[in-house]
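Engineer: Sharing a structure below in structure tokens format, with a few things to ask.
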Amino acid sequence: MDLRDGPDEAAFRTTLRAWLESNVPAGLRGFRGWSSPAALALGRDWSRRLAQAGYAGLTWPKEYGGAGQPWRYQAVYLEELARAEAPQHLGVIGLGMAGPTIIAHGRPDQKARYLAKILSAEEIWCQGFSEPGSGSDLASVRTRVELVGDHFLVNGQKVWSSYAQIADRCILLARSAVTDEKHEGLTYLVVDMKSPGVEVRPLRQITGEAEFNEIFFTDVAVPKDNLLGEIGGGWRVAMTTLSHERGTFGFALAGALDVAVRKLVALARDRAGADALVRDRVAREWIDLQALRYTNYRALARLERTGAPGPEGSVAKLRWSEANQRLTKLAIEIVGQESRVADGDGAPAYWRYQQLRSRGNTIEAGTSEILRNIIAERVLGLPRSR
Amino acid sequence: MDFSFTPEQDQLRTQARSFLEKRFPATRLAEIAMSEDGWDRASWPELARLGWTGASIAEAQGGAGLSFVEEAIVFEELGRALYAGPYFSTIALALPALACAPDLLARVASGGLTATLASAVEARRAGDRWLLRGDGDLVPDAGWVDAFVVEARGPDGIGLYLAERHDARPLIRVFDTVDTTRRLGRVTFEDDSARLLAAPPAAAEIIGRTRRRALAALALEAVGIAGFALAVGVEHAKSRQQFGRPIGTYQAVSHKLADTYVETELARSLAYWAAWCIAEDDAQAELAASAAKAYAAEAAVAACERAMQVHGGMGFTWDHPLHRYYKRALGIESFDRSGAAHRADIAQVLLDG
């Protein structure tokens, strides 16, 4: 047990911190998601620079263009990114989900075609999993895929797809056969988002921003070569994608929470430093942040030892989302009357946006209810609830 | 950065868990808790033989020369087993002061000395001895230990003294304590003679270190308690059938247990962090110990309360072991200061610094 950086990690952190100081575009510090065209333009350039400096694909194997570093480097990277209030690489779906899935299940020609452009941010990916009728119950997806001659034909609708409005490619989970066991009969494809018949409609959130989208597929022809895994074997491939979503996800969340707690402390010092109730709640949020941070370090040690993410990923997501909701609400209380006005870019507007945005946290990337089911069933071994 | 235990440390945990489960099954625990004496004296030499009393004591004094991280593992497992005996008192509360005298350390390592921490009103010099006067209240394990480390005000300020027990001195009154596995007492010194362990100002540093160790040790015990409450809650939810199904299939039940799991893991992370900070004398040790104790105590109380609810009426009975764990958790929560008071300390660092 040693909670200090080793010499290599410390050197990596120092270099990265200095690099971030001189490279994060001013327009992206403390940004609010990728919904504006101006942010997107900056984001593309930012992501290319991250890639050129060698910070994309830190944990990817060297043979696929990654840095082949242990997970702890990704953890340091996410901590430092948060510390600098810099946004992540625009291609997080490609880097964190599609890429590792292709590395695990793809053919050599697919690896050659896709992986380098994910790293370089030349191609942005999105995820086509959820549907209007399939949220938590992912295996019930109804978007149809059928093999017609030398290509697949895709028809259906996906929803909650972040980055779809700018994506070049989509990882799609669709139904190729109606079977008794619904996990069978699913097929996993890579779809070119520029194909005829693909239509993306942004969804406006309660914040007014549009970070995610609906995707409509109407007779979209997908080359047979774009199959990942086997026809009917899509569920297994999808599980790889989702397990990677949890890898070092906790570090990104704790990083975001670290920024939020720092800002909350500054706000409380400014406006409510003497209020005993506020002080108690600020201290609670600080303690929760430390608990999350050190739980991540324990998870990291396990990940490095076993290669597989443990249940701490679900713990981190569950607690982060609830902490962020509580914390932003506390900030709104401290801001008080002014929180009703969304003008400008001062504290009231910032916290109002954060508080509204936080309502999505307990829903996106696994609802709190599903996460509690996962913990109850897979960690505690309780009988299935359905 | 490596937040994991070594294979030797994992082995210590496995050894501790299996020894304690065999040595103190639920029936034995109930006997001890309801006995006049309140602990199983024969267990102390066994703990010493396992190397637990000397874990952090140097090899020269008969210890294992390890650190607070090893002691942390023992604290967590003793909490899980609800061990009734002066390990917390001797190792967390008394050891930092006893470390001023190598002969005392050797006695602790060999199992020949148990001690706790008390305070007296005054210490005055009488030739080459010191005499203590005054009451020390709410002293853990007061009725069981061989000696008292005493904080008392002397002519130059607060010092630390050692008063060994002999001929029914000092006077001890053991209270009817809610947690009968850790009984509290009042120790009355009436010019009882004592040995100076640390004079001011060195004593102040030891007192600070002792408090951090105590907070972290209790956080670790609390994690052990929460772990026990979770395990029995899960076991019951799997086996108890109602409406033709195990009650664990109902999310109103399973989600409660999932919340206990989450809070236990978070408390564990804080407690291990605090343990490491103490072992390394890290600058954050005080903050970490405070945060860990505040969080873990509340998590253990909540874990027991949820487990009782999941058990239904059975969880509310005297015969079920849960109430003993619950009472220990409540005792931990009110030791030193409440969670709110710890949070006030933390807020001071965050907001007034």
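Any read-out appearing in this document is the output of simple, stated calculations on the displayed coordinates, not a laboratory observation. The shown structure was predicted, so the numbers you read here are calculated from the model rather than taken from an experiment. Note that each Cβ is placed from the backbone with ideal geometry, even for glycine, and that neighbours are counted across all protein chains shown.
Engineer: Along the charge dipole of the stretch B:251-301, pointing to its positive end and built from +1/-1 on Cβ of Lys, Arg, Asp and Glu, which listed residue (B:Ala291, B:His255, B:Leu270) has its Cα farthest out?
Structural biologist: Checking the options against the dipole of the stretch B:251-301, the answer is B:His255.
Engineer: Which part of the stretch B:96-137 falls in the paramagnetic zone of B:Asp336, meaning amide N under 16 Å from the point 7 Å along Cα-to-beta-carbon?
Structural biologist: Hits in the stretch B:96-137 for B:Asp336 at 16 Å: B:96-97, B:117-118.
Engineer: Give the separation of the Cα centroids, the stretch A:90-149 to the stretch B:116-162, in Å.
Structural biologist: 70
Engineer: Between the alpha-carbon centers of the stretch A:233-306 and the stretch B:1-66, tell me the distance in whole angstrom.
Structural biologist: 34
Engineer: Which aspartates and glutamates have a Cα lying under 16 Å from the Cα of A:Lys194, excluding residues fewer than 8 positions away in the same chain?
Structural biologist: Within the straight-line limit of under 16 Å, A:Lys194 reaches these aspartates and glutamates: A:Glu122, A:Glu123, A:Asp168, A:Glu214, A:Asp219.
Engineer: Can you tell me the 0 to 90 degree angle between the C-alpha axis of helix B:322-334 and the longest principal axis of chain B, rounded to 10?
Structural biologist: 50
Engineer: Now a separate question. Among B:Ser119, B:Gly233, B:Val178, pick out the residue whose Cα is farthest towards the positive end of the charge dipole of chain B, where Lys and Arg carry +1 and Asp and Glu carry -1 on C-beta, about the Cα centre.
Structural biologist: Checking the options against the dipole of chain B, the answer is B:Gly233.
Engineer: Return a whole-number percent for the relative contact order of the stretch B:143-220, with Cα pairs under 8 Å and 6 or more residues apart as the contact set. List each step's numbers first, then the result.
Structural biologist: Numbers: 97 pairs, mean separation 23.4, N = 78.
For the stretch B:143-220, the relative contact order is 30 percent.
Engineer: A further question follows. Let me spell out the model: positive unit charges on the Cβ of Lys and Arg, negative unit charges on the Cβ of Asp and Glu, origin at the Cα centre of the stretch B:264-353. What dipole size does that give, in debye rounded to 20?
Structural biologist: Numbers: 8 positive and 12 negative charges, 95 e Å.
Result for the stretch B:264-353 is approximately 460 debye, rounded to the nearest 20.
Engineer: Using only Cα atoms, locate the centre of the stretch B:261-306 and the centre of the stretch A:314-331, then give the distance between them in Å, rounded to an integer.
Structural biologist: If you average the Cα positions of each part, the centres end up 19 Å apart.
Engineer: Quantify how strongly other chains surround peptide B:135-147 by giving the mean number of their Cβ atoms within 10 Å of each of its Cβ atoms.
Structural biologist: Working: counts 0, 0, 0, 0, 0, 0, 0, 0, 0, 0, 0, 0, 0.
That works out to 0 on average.
Engineer: Can you tell me the 0 to 90 degree angle between the C-alpha axis of helix B:68-80 and the longest principal axis of chain B, rounded to 10?
Structural biologist: It is inclined by approximately 50 degrees.
Engineer: Note the angle between two axes, namely the Cα long axis of helix A:108-119 and the longest principal axis of the Cα atoms of chain A, as a number of degrees from 0 to 90, rounded to the nearest 10.
Structural biologist: The answer is roughly 20 degrees.
Engineer: Do any of A:Lys62/A:Lys224; A:Lys62/A:Lys182; A:Lys182/A:Lys224; A:Lys117/A:Lys158; A:Lys111/A:Lys224 go past 26 Å between their Cα atoms, and which?
Structural biologist: Working: A:Lys62/A:Lys224 28 Å; A:Lys62/A:Lys182 37 Å; A:Lys182/A:Lys224 23 Å; A:Lys117/A:Lys158 24 Å; A:Lys111/A:Lys224 15 Å.
Result: A:Lys62/A:Lys224; A:Lys62/A:Lys182 exceed 26 Å.
Engineer: Once you list every other residue whose beta carbon is under 13 Å from the beta carbon of B:Ala97, what net charge do they have if Lys and Arg are +1 and Asp and Glu are -1?
Structural biologist: On the way: positive: B:Arg195, B:Arg209, B:Arg211, B:Arg213; negative: B:Glu151, B:Glu205.
Summing Lys/Arg as +1 and Asp/Glu as -1 gives +2.
Engineer: About its Cα centre, what dipole magnitude does the stretch A:247-379 give when the only charges are +1 on Lys and Arg Cβ and -1 on Asp and Glu Cβ, stated in debye to the nearest 20? Walk me through the numbers on the way to the answer.
Structural biologist: On the way: 21 positive and 16 negative charges, 46 e Å.
That gives a dipole near 220 debye.
Engineer: Hey, what's the Cα Rg ratio for chain B versus the globular rule of thumb, 2.2 N^0.38 Å? Can you show the working numbers first?
Structural biologist: Working: Rg = 20.6 Å, N = 353, 2.2 N^0.38 = 20.4 Å.
Ratio of Cα Rg to 2.2 N^0.38 Å: 1.01.
Engineer: Provide the packing ranking of A:306-312, B:244-250, A:272-278, i.e. peptides ordered by the mean count of other C-beta atoms within 10 Å per residue, highest first.
Structural biologist: Working: A:306-312: 15.4, B:244-250: 17.3, A:272-278: 13.6.
Highest mean packing first, the order is B:244-250, A:306-312, A:272-278.
Engineer: Next question. With +1 assigned to the C-beta of every Lys and Arg and -1 to the C-beta of every Asp and Glu, and no other charges, what is the dipole magnitude of the protein assembly as shown about the Cα centre in debye, to the nearest 20?
Structural biologist: Values: 87 positive and 93 negative charges, 234 e Å.
My answer is approximately 1120 debye.
Engineer: For Cα pairs less than 8 Å apart in space and 6+ apart in sequence, what is the mean separation divided by the residue count of the stretch B:295-353, i.e. the relative contact order in percent? The partial results should precede the final answer.
Structural biologist: Working: 32 pairs, mean separation 21.0, N = 59.
Relative contact order, the stretch B:295-353: 36 percent.
Engineer: Evaluate E = 1/(1 + (r/R0)^6) for A:Ala221 and A:Ser120, where r is the Cβ-Cβ distance and R0 equals 25 Å; express this FRET efficiency to the nearest 0.05. If you can, show how the numbers build up before the last one.
Structural biologist: Numbers: r = 27 Å, r/R0 = 1.08.
The value I calculate is 0.40.
Engineer: By average Cβ neighbour count within 10 Å, what is the ranking of B:294-305, A:47-58 from highest down? Don't skip to the end; give the middle numbers.
Structural biologist: On the way: B:294-305: 26.7, A:47-58: 19.8.
Result, highest mean first: B:294-305, A:47-58.
Engineer: Now for a separate question. For B:Arg337, what charge total do you get from the other residues with a beta carbon under 11 Å from its beta carbon, if Lys and Arg give +1 and Asp and Glu give -1?
Structural biologist: Values: positive: B:Arg211, B:Lys293, B:Arg343; negative: B:Glu333, B:Asp336, B:Asp345.
Taking every Cβ under 11 Å from that of B:Arg337, the sum is 0.
Engineer: Okay, next question. Can you tally the net charge around B:His255? Count Lys and Arg as +1, Asp and Glu as -1, for every other residue whose Cβ sits under 11 Å from the Cβ of B:His255. The partial results should precede the final answer.
Structural biologist: Details: positive: A:Arg372, B:Lys256, B:Arg306; negative: A:Glu369, B:Asp259.
Neighbourhood net charge equals +1.
Engineer: Pairs of Cα atoms under 8 Å, at least six residues apart: use those to get the relative contact order of chain B, whole percent.
Structural biologist: Values: 645 pairs, mean separation 53.3, N = 353.
Dividing the mean separation by the residue count of chain B yields 15 percent.
Engineer: Given the rule -39500 (n - 2.57) for each run of at least 4 DSSP H residues, summed and divided by the residues of the protein assembly as shown, what is its mean residue ellipticity at 222 nm, to the nearest 500 deg cm²/dmol?
Structural biologist: Working: 22 runs with 350 residues, N = 739.
-15500 deg cm²/dmol, from helical runs alone.
Engineer: Now for a different question. Between A:Arg236 and B:Arg125, what FRET efficiency comes out of the Förster formula 1/(1 + (r/R0)^6) with R0 = 60 Å and r the beta carbon distance, rounded to 0.05? If you can, show how the numbers build up before the last one.
Structural biologist: On the way: r = 79 Å, r/R0 = 1.32.
It comes out at approximately 0.15.
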